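Asks: Have a look at this one.
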Amino acid sequence: MNANEVLRELEESSRPPTHGRRRREFLKFCGRMAAILGLSKAFIPKIAKAVERTARDGRPSVVWLEFQDCAGNTESFTRATAPSVAEAVLDLISLDYHEVLMAPSGSAAEERLREVLKKYSGQIIVVVEGSIPTKDGGIYCTVGGRSALQIIEEVEPHALAFVAVGTCAAFGGLPKANPNPTGAVAVEDVVKSKPVINLPGCPANPDVIMALLVHYALFGRLPALDAQRRPKFAYGKKIHDNCERRPHYDAGQFVLSFDDFGAKQGYCLYKVGCKGPVTYNVCSSWRWNMDASWPVKAGHPCLGCSERDFWDRMTPFYSHVQAAGFGVESDADDVGKVAVGLTAASVAAHALYTAVVRSAERFAERLAEKEETEEEDEE
Amino acid sequence: MRVVVDPITRIEGHLRIEAEVANGRITKAYSSCTMWRGIERIVQGRDPRDVWAFTQRICGVCTTVHAFASIRAVEDALSIEVPRLAQALRNLIIAVQYIHDHVMHFYHLHALDWVNVPNALKADPNEASRIARSLSDWPNSSPGYFRELLEKLKSFVQKGRLGIFANGYWDHPAYRLPPEVDLIAVAHYLEALQWQRHIARIHALLGGKNPHPNFLVGGIPISVNLDGPAVLNAQVLAEIKAHIDQAVDFVRKVYVPDLLAIASFYKDWAGYGAGVGNFLVYGEFPEGQLYDLDTLFIPRGAILNWDLGRIYDVDTKDPEQIRETVAHSWYRYSRGEDEGLHPYEGETEPNYTGPEPPYDYLNVSEKYSWLKSPRWRGHPMEVGPLARTLVAYAKGHRAFKSKVDYALSKLNVPLKAMFSTLGRTAARGIESWVIAEDYLPDLYSRIISLINAGDTSTFNREGWDPKSWPKEAKGMGFMEAPRGALGHWVRIEDGKVANYQVIAPTTWNAGPRDAKGQPGPYEAALEGTPIYDPKKPLEILRTIHSFDPCLACAAHIYDPEGNEIIEVKVQ
């Protein structure tokens, strides 16, 4: 083997897997992503190619900044559902700055940030976790002696776009809850010259983050957003629309107190405070933690954690939504005009979504088998 | 000279260390938290049954602990008893959090202080395989397995896209592992990243999602119905059991062997990072009600001045025992700042006197942190796995004792080696091993026998209705979070939160000096630490990471009664 061949082989090994079990898992991941993004099965090989191209031609640089946060979105990101996610992430992005995970500290970390900003200027996806305090000159959050505001100011000219991950970055979240002691604001209140994509949720569902990256790899542009700057593919439906307990709502079967007869039967949690009818998110369809469960399935009402100002608007949590002061509306784009869901016609249950994913995954498996057969034929 | 490390990375939150270095050693260190949100102020006036969700968001890493501490405080205030099964399921959630947190801390937050990633490129995969097989019978240990990883790493490095591994202190001579051990550790770094997703599923199965599962004052939200499709049934229990087995396996066959193997190359670190020598433990895993202290699996107690011969009793409600001071914290006390205040009587008002950002140095002779300085009977106290391990060891806890003795004999070091950076890191692994082997399996059996005996209540309805509450009530919820003793103190008036206070583990460990000038545990632990190159403060990271900092937990504020924000209305 000559030197060039060695080099080629080394490079090969960092690409998405080309055969075997890992290839099948990789294609299944692509299948799941296609289902999540609402794309037809024909897109599965295209997604695979896009990820492979990204891995080969250069992964986009990602700078992940944390301000007034709890690191819950970072933790969430590490729990992504797709198989071999660590590998998929390694293929999709270059995580060039992330204080929770990076090796260097202090001045070496700051040097690293400056180097990345210079080298990939204009191409950097800047993820922000946590809100930004503005009161008293921003003294409530400093990193390396600089305020969150000053750091954003330095990074903004070099960004391709900002991704506000979690409700704190997207809408101000918990720090902004009444009485907002630190003057906390959202990323969109500070960043004015670059696109901002909001991925609310406390935390954001990790598959939403993954799907956003896949979308970018596939189309080379950012996804369509609603008026609250949320990707339409993830925030277009209410929790209530796809809730597995929805038939009980329609049948008037409610849990009236925790652990009562209805609770043991899995009845609807509306009367113990479920905010599913007024909350736009993917929990009831995509679920959490590799399909393990989601809050309503596990018996607790939805807190409405992906909605703007939910800490003030959705509380008290155990009072049902009408008591919390909502009108009957149905437009996802309009803050305040959120629907109670009484009029929602959709009864697409989790089963339907699951069927789509399973079907996409089966398609991906057949694709993998086909590839393997072709390989054998070539041999 | 003054060495500043900010940001301290591979922790949760925003931490800054300033250290005076003379003749290659740290003479004085100053620990500063640089972020504050004011969550205790935000929960004022809210429904006490809601507060767990607010305080849970103090931290997304130890995502269960502030929820449970809050729920326990409210239950204590309102005298709500928790059903046996609910208590056991809570304990399961907490035990899983310990293991999840400790493993991720070791591999993803702490390992890179000891493991040199580029050095792993020099490894011989056959030799790595031989070493791995000598450590345990973990199946991922073939030469082919290590060869494949090695090639992936090489191409990663070759393309110059090192991502999170870029610009580390890799040429620092304090890295001492052979390349093969580095390679094994990198392999397990990646495996642990995959593994933890499965373990976290237990939280999702019982609480809906992780991070930030859902809990409930008076019990837990999920109901048991073995024949029901939608709740805690036989299938869910079987899934939980499978994940417990996975957790136990990884701790036994990967985490503990790696820990001991790596520690054997760094025994000199048993000589650094001793800290304050005082240890505080509230205790954890009640089998009965929370205050049935005799039923706690991890016992309560305090140790002073490294003396394991005497364990002091701890009472979290005694105003003479726990007090917080603010002499060097960006807060103001109305009655002077020489005296500390018990959380029930405490008061806090932010009072930032630090430099205007951007700044180069803090004025450490004045106030310099968003953390207060909690003290137990006037002493700074270390909390966390080392404190728990020492108190349990001194009290003769069978499981802790046998596993501590095993680790010490394996490393061939005396008991006093535990009082160090190395001991602190080892204690975390020992504790995980105790919980995995000596607690989790028994706990699971207890859950099954309760269900089999028909004891399936998961929620106590009495006390849920605010009409049943007294006009005024106060309560204290304690817990042992993975990072140490955690307390929430709540005062309820007319059905609403009138006052709320948190002292988090990292507040104990990372707090600044008090009015008497006594340094906090981080500050004390750094004194005497050698610094090879002030531009590459690897040694500071080793000791600070050995505490597993969680700064979002630690920085908080509560509000004195009646201290409302005054809103000025423009006429």
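Asks: Just give me the residues in region B:1-21 being of a type in the set (Ser, Thr, Tyr) and more than 8 Å from every other protein chain (Cβ to nearest Cβ), in sequence order.
Replies: Correct list: empty.
Asks: Output the number of residues of region B:141-170 satisfying the condition of being at the interface with chain A (Cβ under 8 Å from one of its Cβ atoms), in contact with a Gly (Cβ under 9 Å, 6 or more places away or on another chain) and under 15 Å from B:TYR189 (Cβ atoms).
Replies: Selection size over region B:141-170: 1.
Asks: Another question about this same structure. Say we look at region B:48-57 and pick out the residues that are hydrophobic (A, V, I, L, M, F, W, C) and more than 9 Å from chain A (Cβ to nearest Cβ); which of these is surrounded by the fewest Cβ atoms within 10 Å (Cβ to Cβ)?
Replies: B:TRP52
Asks: While we're here: Write out, first by first residue and then by second, each pair whose Cβ atoms fall under 7 Å of each other, whose residues are 6+ apart or on separate chains, and whose first residue, in region B:173-201, is more than 13 Å from every other protein chain (Cβ to nearest Cβ) while the second is part of a helix (DSSP H, G or I) and among the basic types (Lys, Arg).
Replies: That search, which allows pairs on different chains as well, returns B:PRO179/B:LYS122.
Asks: Tell me yes or no: at least one residue of region B:37-56 is assigned to a loop (DSSP other than H, G, I, E, B) and under 19 Å from the mean Cα position of the chain (by Cα).
Replies: no
Asks: Give the residue that is farthest from B:ASP465 (Cα to Cα), with candidates limited to residues of region A:270-290 that are part of a loop (DSSP other than H, G, I, E, B) and at the interface with chain B (Cβ under 9 Å from one of its Cβ atoms).
Replies: A:MET290
Asks: With region B:248-332 as the region, which strands (runs of 3 or more DSSP E) entirely inside it contain at least 1 residues that are charged (D, E, K, R)?
Replies: Strands (runs of 3 or more DSSP E) meeting the threshold: B:322-325.
Asks: Further question: Would you check which residues across region B:202-218 are of a type outside the set (A, V, I, L, M, F, W, C) and either more than 8 Å from chain A (Cβ to nearest Cβ) or farther than 18 Å from B:HIS105 by Cβ (or both) and list them?
Replies: B:GLY207, B:GLY208, B:LYS209, B:HIS212, B:PRO213, B:ASN214, B:GLY218
Every residue, every condition in (1) crowded, with 19+ Cβ neighbours inside 10 Å; (2) of a type in the set (D, E, K, R), yes or no:
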residue: A:GLU99; (1), (2): yes, yes
residue: A:GLN123; (1), (2): no, no
residue: A:VAL126; (1), (2): yes, no
residue: A:ALA159; (1), (2): yes, no
residue: A:PHE162; (1), (2): yes, no
residue: A:CYS168; (1), (2): yes, no
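Asks: Hey, does region A:55-76 have a residue that's within 8 Å of another protein chain (Cβ to nearest Cβ), under 20 Å from A:ILE197 (Cβ atoms), in a strand (DSSP E or B) and modelled with pLDDT under 90?
Replies: Within region A:55-76 (the criterion being within 8 Å of another protein chain (Cβ to nearest Cβ), under 20 Å from A:ILE197 (Cβ atoms), in a strand (DSSP E or B) and modelled with pLDDT under 90), the answer is no, since none of the residues qualifies.
Asks: For B:LEU109, all conditions in the list (1) touching a Leu at 6+ places or on another chain (Cβ under 8 Å); (2) under 26 Å from B:GLY60 (Cβ atoms); (3) of a type in the set (A, V, I, L, M) hold save one; what is the number of the exception?
Replies: Result: B:LEU109 passes all but (1).
Asks: Exactly one of (1) at pLDDT 85 or above; (2) within 14 Å of another protein chain (Cβ to nearest Cβ) is unmet by A:SER84. Its number?
Replies: (1)
Asks: Still on this structure: Among the residues in region B:463-471, are any without any contact (Cβ under 8 Å) to a residue 60 or more places away in the chain and within 19 Å of the chain's Cα centre (by Cα)?
Replies: Scanning region B:463-471 turns up no residue that is without any contact (Cβ under 8 Å) to a residue 60 or more places away in the chain and within 19 Å of the chain's Cα centre (by Cα).
Asks: (1) of a type in the set (Ser, Thr, Tyr); (2) within 30 Å of B:GLU239 (Cβ to Cβ); (3) part of a loop (DSSP other than H, G, I, E, B): which one isn't true of B:TYR175, the others all being true?
Replies: Just one mismatch for B:TYR175, condition (2).
Asks: Here is a further query. Can you work out which of the residues in region B:76-103 that are in a helix (DSSP H, G or I) and more than 28 Å from B:ASP548 (Cβ to Cβ) is farthest from the other protein chains (Cβ to nearest Cβ)?
Replies: Among them, the one singled out is B:ALA77.
Asks: Right, something else. So which of B:GLY60, B:GLY38, B:GLY45, B:GLY24 ends up being in contact with a strand residue (DSSP E or B) (Cβ under 7 Å, 6 or more places away or on another chain) and at the interface with chain A (Cβ under 10 Å from one of its Cβ atoms)?
Replies: Selected residue: B:GLY45, the only one of B:GLY60, B:GLY38, B:GLY45, B:GLY24 that is in contact with a strand residue (DSSP E or B) (Cβ under 7 Å, 6 or more places away or on another chain) and at the interface with chain A (Cβ under 10 Å from one of its Cβ atoms).
Asks: Quick one: is A:ARG221 out of contact with any Lys or Arg (no Cβ under 6 Å at 6 or more places or on another chain), surrounded by fewer than 24 Cβ atoms within 10 Å (Cβ to Cβ) and without any contact (Cβ under 8 Å) to a residue 12 or more places away in the chain?
Replies: When the stated conditions are applied, A:ARG221 passes them.
Asks: Taking region B:104-161 as the region of interest, how many residues are at positive phi and part of a helix (DSSP H, G or I)?
Replies: Number of matching residues: 0.
Asks: Next question, about the same structure. Give me a count of the residues in region B:143-155 that are in contact with a Pro (Cβ under 9 Å, 6 or more places away or on another chain) and surrounded by fewer than 19 Cβ atoms within 10 Å (Cβ to Cβ).
Replies: Count: 5.
Asks: Which residue, of A:TYR267, A:TYR249, is surrounded by fewer than 24 Cβ atoms within 10 Å (Cβ to Cβ) and either acidic (Asp, Glu) or out of contact with any His (no Cβ under 6 Å at 6 or more places or on another chain) (or both)?
Replies: Answer to the selection: A:TYR249.
Asks: Right, here's the next one. If we scan region B:412-422, do we find a residue that is modelled with pLDDT of 95 or more, surrounded by 24 or more Cβ atoms within 10 Å (Cβ to Cβ) and under 24 Å from B:SER373 (Cα atoms)?
Replies: Yes, region B:412-422 contains at least one residue that is modelled with pLDDT of 95 or more, surrounded by 24 or more Cβ atoms within 10 Å (Cβ to Cβ) and under 24 Å from B:SER373 (Cα atoms).
Residues checked against (1) at pLDDT 95 or above; (2) outside any helix (DSSP H, G or I); (3) buried (at least 24 other Cβ atoms within 10 Å of the Cβ):
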| position | (1), (2), (3) |
| --- | --- |
| B:TRP195 | no, no, no |
| B:HIS203 | yes, no, yes |
| B:PRO211 | yes, yes, yes |
| B:ASN214 | yes, yes, yes |
| B:ILE222 | yes, yes, yes |
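Asks: Could you go through region A:253-261 and let me know if any residue there is among the charged types (D, E, K, R), assigned to a helix (DSSP H, G or I), within 25 Å of B:VAL217 (Cα to Cα) and at pLDDT 95 or above.
Replies: Within region A:253-261 (the criterion being among the charged types (D, E, K, R), assigned to a helix (DSSP H, G or I), within 25 Å of B:VAL217 (Cα to Cα) and at pLDDT 95 or above), the answer is no, since none of the residues qualifies.
Asks: So, one more: Among the residues of region B:342-357, count how many are of a type in the set (Asp, Glu) and within 11 Å of chain A (Cβ to nearest Cβ).
Replies: Summing the residues that are of a type in the set (Asp, Glu) and within 11 Å of chain A (Cβ to nearest Cβ) in region B:342-357 gives 2.
Asks: Same structure again: Under 8 Å between Cβ atoms, which residue pairs at least 6 apart in sequence (or on different chains) link something in region B:436-454 that is within 21 Å of B:PRO482 (Cβ to Cβ) and in contact (Cβ under 8 Å) with a residue 40 or more places away in the chain with a partner that is surrounded by 11 or more Cβ atoms within 10 Å (Cβ to Cβ) and polar (S, T, N, Q)?
Replies: Pairs found: B:LEU443/B:ASN91.
The values are calculated or read from the model by the stated rules, or taken from the named source; none is laboratory data. Here the structure is a predicted model, which means the values were calculated and not measured. Quick reminder, even Gly has a Cβ in these numbers, built from the backbone with ideal geometry, and neighbours come from all protein chains shown.
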